[in-house]
Amino acid sequence: MSVLLSSEFFNDIITDQFVGNTINNHGIFTFSTKKGWVNMLVVGISACLLGEKVRYDGGDKKNPVLLAQKERQISYIPICPEAQCGMGVPREPMQLEGDPQKPRLVTVNSRIDKTAILSNWSKAQITVLQKNKIDGFIFKNRSPSCGLEVTVHNSSKTATKPQGMGLFAQQVKNSFVDLPMAQDDDLQNQENIQKFIMEMKHPTPQPSREQDG
């Protein structure tokens, strides 16, 4: 049986540098930062990487290297699009299907299209993230909502499956042009973590369209 996560659950996983009404009834974070934390990097992260049991099977993907950065240099905003948009924990596994440039999110067994539900939630969450000026985002690799490189299933018989982006990750990329982003498997040691931190502190602006032309 799936269990919908309550506001209290996600309030508990927000670290205490965030105050106010951190999540509304639609699963959207509406946090504000405390004074005194202004020098911390504010980083969105897939909640399962912090040990929160929000994955489809009720488990987590706790990453000790990323957890070690908590309250040192990074202030995390844990987000699980699938759980927070109301799909529950545990839930039926899903996969991306169709056009790799515009994939659909479909449940594996019952074949229900969940694209609109997750996309609409993502748009609302990104509006909040834009207001709070995040410095970067760390995504769970291969997640159909959060992965930066995810297999897209289609009718092709070719051995190599096309790659796309998770629905939430794609919207983050589209909405934050210069935002440093990484997957958890890119950040398995302190050296790579520090490189990512430096990238967030000194982001490289993307060229404008005028410059491209």
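A compact table of results
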item: Breaking point among (1) in a helix (DSSP H, G or I); (2) surrounded by fewer than 18 Cβ atoms within 10 Å (Cβ to Cβ), for Ala83; result: (2)
item: Cys48 being in contact with a helix residue (DSSP H, G or I) (Cβ under 7 Å, 6 or more places away or on another chain), within 20 Å of Gly166 (Cα to Cα) and at pLDDT 75 or above; result: no
item: Counted residues, the stretch 104-134 - those being in a loop (DSSP other than H, G, I, E, B) and either at pLDDT 95 or above or among the hydrophobic types (A, V, I, L, M, F, W, C) (or both); result: 7
item: Conditions (1) free of Cβ contacts under 8 Å to residues at least 40 places away in the same chain; (2) of a type in the set (S, T, N, Q); (3) under 19 Å from Ile74 (Cβ atoms); number of the one not met by Asn141; result: (1)
item: Residue pairs meeting the criteria (Cβ under 6 Å; at least 6 apart or on separate chains; first surrounded by 13 or more Cβ atoms within 10 Å (Cβ to Cβ), in the stretch 120-134; second among the hydroxyl-bearing types (Ser, Thr, Tyr) and not in a loop (DSSP other than H, G, I, E, B)); result: Ile126/Ser175
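The values are calculated or read from the model by the stated rules, or taken from the named source; none is laboratory data. Small disclaimer: the values here were computed from a predicted structure and weren't measured. All Cβ positions, even for glycine, are placed from backbone atoms using ideal geometry, and neighbour counts span all protein chains on display.
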